[in-house]
Structure formats: structure tokens, C-alpha cells
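Written out below as C-alpha cells is the structure these notes cover.
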Amino acid sequence: MFTGIIKDVGRIGSATRRQGGLRLKVLFGNTDEFANLSIDESVSINGVCQTVVAFGDGWFEVDTVEETLSKTTLGSLRHGALVNLERAVRPLDRLGGHFVLGHVDCAAVVHEIRELGSSRELWIAFPDAFSPFIVSAGSITIDGISLTVAKLEPLLFAVAVIPYTFAHTTINGLKAGSLVNLEFDILGKYVARQLGRATSSPRADSRIDEGWLQENGF
């Protein structure tokens, strides 16, 4: 589990196809945060939970499988590409963002970036199938960054990006047409699923009244 608070912007050292998957070598600069990595540890790369399979001084490698490549932007990464990095949360860490699993729901397109004084407003176009999982003022993860939905329209939402986040993540390299990874809030997904079950259940409109109690022997 992650929080969406980016700890470093890394760089892709290599991207090598292997038996249908992809081996990514990631270079990092924040040695205080990433120096003591271990095999089988989870790391978020642009919001995608990946498992460390090898590591060394200033680098680590992950194997990305076809399922992940089909749902995320990792397959488009090439040598030199910048990526947002976060290690899995520890039980004693402060939860500065929100609960992020690193299980990306879909790739989406940057629709527009507006400059608003010192901040920026990032508009994202998203698939209609995910509309039930997004609400105004709710949490959302964009390329691993925990952000808040500031505005919501049909198939479009906007987040406000403060100067610090813009300067210390890969958001500063985005432009209209860029692809990003989206993970919708897990709490919202569970609520939407339960509401869907309730409305589709044949007992959804049932009431416990005097007649029901008599029919059932009470």
C-alpha cells in the first residue's frame, strides 16, 4: 500500500522485452529513501505497484507482465523517461495522501493544463465506465500522485496542482495529449459496488413490516 506522496523522480535506465513482459531498470537519486531496497519489495512506479527483482547502487529492476502493460503506461517507457517513485508505506508512517494500492484502473489522456497564478489546473479525460468511482473533492491518484478532484464534468475532471508538487513530480513534463495512469479511490470503488448490488438485488425494495413478520412466523 502507498500514500501517493512521491519520494523521488527516477529515470528509466533501460526497458527490455522479456518473454512477453518488460524488464525495467530504474535509476534513483534519493539514496536516503531507496538505498536499502530488498528483493520482493513493492515500489510504485508512476502509480503502478511493481516488485523489485534486482537492485544495486542507485538502481533497481522490476518485471512488468502483460496484464500490467495492457492497463498502464509502463509499456511506453523508454530509456531516459522520468517516473514518480514511492516505496510501500510502513505501519508507523504518516498518511499524508490517501490509501493507494498501486493497482491502476486505466490509462487516461491529459485534456488541458491551465496556469492559475502560481498553481496549475490539470484536466483529465477518463473513460465513462469509471464515472461511478469519482466525486468532486474526492481523492484520485495520477501517475502515483495523490491529488484531490477539484472540478468534475462528464468524462472530464480537474485537479489543482500546487507549485511544490509541480516541481517535484513528473507533472511538470505533462502536456495536452499525454497519457497518465489513474487509480480511483478504493473506498469509492467499494461503495459503488455495494450500492450496485443493493439496487440490483431482488430484495432491495423489501421492507420488514407487520405483514412480513406474520408471513415468516413471527
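Every read-out reported here was derived from the displayed coordinates using simple, explicitly stated rules and does not represent laboratory data. Since we're looking at a predicted model, the values are computed, not measured.
Figures for the structure shown
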{"read-out": "Alpha carbon convex hull of the range 1-95, projected area averaged over orientations, nm²", "value": "5.8"}
{"read-out": "The chain pair-distance distribution - Cα-Cα, 10 Å bins, rounded %", "value": "8, 31, 31, 16, 6, 5, 3, 0"}
{"read-out": "Taking only Cα atoms of the range 68-191, radius of gyration then Dmax in Å", "value": "14.1, 40"}
{"read-out": "The chain: angle of helix 186-200 to the longest principal axis, Cα-based, in degrees nearest 10", "value": "30"}
{"read-out": "Candidates Ala158, Ala81, Ala125, ranked by Gaussian network fluctuation over the chain, Cα under 10 Å, top entry", "value": "Ala81"}
{"read-out": "Residue-span extension gain [Asn36 to Ser119] - 0.36 nm each, minus C-alpha spacing", "value": "26.4 nm"}
{"read-out": "Hydrodynamic radius by Kirkwood, which averages 1/r over all alpha carbon pairs of the range 105-174, in angstrom", "value": "12.3"}
{"read-out": "MRE, 222 nm, helices only [DSSP H, n ≥ 4, -39500 (n - 2.57), over the chain, to nearest 500]", "value": "-4500 deg cm²/dmol"}
